[in-house]
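Inspection log for the structure reproduced underneath, given as structure tokens.
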Amino acid sequence: LRKVTTRRLAEMKQRGEKISMLTAYDYSMASLIDQAGMDVILVGDSASNVMAGNITTLPMTLDQMIYHGVSVVKAVKRALVVVDMPFGSYQGNSKEAVASAIRIMKETGADCVKMEGGEEIRESIERILSAGIPVMGHLGLTPQSINKFGTYTVRAKEEAEAQKLIKDAHLLEEIGCFSIVLEKIPAKLAERVSTELSIPTIGIGAGNGTDGQVLVMHDMLGINKGFSPRFLRRYADLHTVITEAVQAYINDVKTRDFPNEKEQY
Ligand code: KIV
Ligand code: NA
């Protein structure tokens, strides 16, 4: 069981082998996902939505990300574990950014961090990289900037924004990021960036031309019923599975069917 490394992801791109990535936030699910053979597990700040019930990812704190990171790292034997740096932990200044990244690495034992943005956060990324911490970039729809965009619709459809994204992607590669997430941008643009860069790109809502794909676990397992963007493929209907199981249990309790004679001491 060879642990997946950032170098291995680069080799996968060279070989043309697609990279699989999925989020996890807790020990039990991370264990299942790792044993199923996932290449990369992301402790995403989407924990803010699916775990904490917030509308945006902004409220997530560094302590909360570390809590999720610790649980996931304990479970994972093979996958590369990436922890999202939460909003406010790196945008202020590069000194604070490196202190936040060091806390994540020290306290969780994760393999690397992910940060949203390009040129604007260049100094912070460089400082973290020079501390020896691998950084995954994240461009396109960057949910921590939702208050600037005002919408979760497709990004970089306009030429100017597309040009900036291409520039930022090259910048991230040049300064030393090992990979970049491309979220919700036109498939053609994502394919172009993926071809131009030598580091692997991981897409979400970015078409089939990226070097890998990432989804939020609760979305792809069908736990969330309310969220149905075009890019989301549901691989299970856990909403129904769980609801029916819970209702069956309630019914068995009410009807005195549970526990039966074999289920007691
Ligand atoms: O937090 C998250 O789940 C993410 C992925 C959607 C890339 O950043
Ligand atoms: Na995120």
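Taking the criterion of being of a type in the set (Asp, Glu) and either under 15 Å from the mean Cα position of the chain (by Cα) or on the phi > 0 side of the Ramachandran plot (or both), the only residue of region 115-143 that qualifies is Glu116.
The set of residues in region 107-135 that are farther than 21 Å from Ala30 by Cβ and among the aliphatic types (A, V, I, L, M) comprises Met115, Ile121, Ile125, Ile128, Leu129, Ala131, Val135. Please count how many residues of region 1-22 are in a helix (DSSP H, G or I) and among the acidic types (Asp, Glu). Going through region 1-22 one residue at a time, the tally reaches 1. In region 23-34, how many are assigned to a loop (DSSP other than H, G, I, E, B) and either away from ligand 1 (no atom under 11 Å from the Cβ) or touching a Leu at 6+ places or on another chain (Cβ under 6 Å) (or both)? Residues meeting the conditions: 1.
Does Thr255 count as farther than 29 Å from Arg155 by Cα and among the β-branched types (Val, Ile, Thr)?
Values: farther than 29 Å from Arg155 by Cα: yes; among the β-branched types (Val, Ile, Thr): yes.
It is true that Thr255 is farther than 29 Å from Arg155 by Cα and among the β-branched types (Val, Ile, Thr).
Going through Asp63, Asp45, Asp34 one at a time, which residue ends up being modelled with pLDDT of 95 or more, of a type outside the set (A, V, I, L, M), in the same structural domain as Leu141 (by TED's automatic domain parsing) and touching a strand residue (DSSP E or B) at 6+ places or on another chain (Cβ under 6 Å)?
The conditions single out Asp45.
Do any helices (runs of 4 or more DSSP H) lying entirely in region 35-115 carry at least 2 residues that are among the β-branched types (Val, Ile, Thr) and surrounded by 19 or more Cβ atoms within 10 Å (Cβ to Cβ), and which ones are they? Before the answer, list the steps.
Working: elements: 47-50, 62-75, 94-108.
In region 35-115, 62-75, 94-108 are the helices (runs of 4 or more DSSP H) which contain 2 or more residues that are among the β-branched types (Val, Ile, Thr) and surrounded by 19 or more Cβ atoms within 10 Å (Cβ to Cβ).
Sub-6 Å Cβ pairs linking a first residue in region 110-131 that is touching a residue at least 60 places away in the same chain (Cβ under 8 Å) and within 16 Å of ligand 2 (Cβ to nearest atom) to a second residue that is among the basic types (Lys, Arg) and assigned to a helix (DSSP H, G or I), at least 6 apart or interchain, number zero. Pairs are defined by a Cβ separation below 9 Å, a sequence spacing of at least 6 or placement on different chains, a first member in region 79-101 that is outside the structural domain of Ile125 (by TED's automatic domain parsing), and a second member that is hydrophobic (A, V, I, L, M, F, W, C) and surrounded by fewer than 21 Cβ atoms within 10 Å (Cβ to Cβ); no pair meets this definition. Taking region 135-158 as the range and being assigned to a loop (DSSP other than H, G, I, E, B) and either within 15 Å of Thr201 (Cβ to Cβ) or within 16 Å of ligand 1 (Cβ to nearest atom) (or both) as the test, the residues that pass are Leu141, Thr142, Tyr152, Thr153, Val154, Arg155, Ala156.
Say we look at region 37-56 and pick out the residues that are among the β-branched types (Val, Ile, Thr) and either free of Cβ contacts under 8 Å to residues at least 60 places away in the same chain or in contact with a Gly (Cβ under 8 Å, 6 or more places away or on another chain) (or both); which of these is nearest to ligand 2 (Cβ to nearest atom)? Reasoning before the result, please.
First, pick out the residues of region 37-56 that are among the β-branched types (Val, Ile, Thr): 40-41, 43, 50, 55-56.
From what's left, either free of Cβ contacts under 8 Å to residues at least 60 places away in the same chain or in contact with a Gly (Cβ under 8 Å, 6 or more places away or on another chain) (or both): 40-41, 43, 55.
Details: Val40: 13, Ile41: 13, Val43: 9, Ile55: 15 Å.
Residue satisfying both the conditions and the ranking: Val43.
Residues being in contact with a Pro (Cβ under 7 Å, 6 or more places away or on another chain) and closer than 30 Å to Val70 by Cα are entirely absent from region 122-129. Scanning region 118-161 for residues that are surrounded by 18 or more Cβ atoms within 10 Å (Cβ to Cβ) and either charged (D, E, K, R) or not assigned by TED's automatic domain parsing to the domain that holds Ala97 (or both) turns up Arg127, Arg155. Which of the residues belonging to region 27-78 are more than 13 Å from the chain's Cα centre (by Cα) and charged (D, E, K, R)? Listed by number, the residues that qualify are Asp34, Asp63, Lys74, Lys77, Arg78.
The values are calculated or read from the model by the stated rules, or taken from the named source; none is laboratory data. Values in this document were obtained by computation on a predicted structure and should not be read as measured data. All Cβ positions, even for glycine, are placed from backbone atoms using ideal geometry, and neighbour counts span all protein chains on display.
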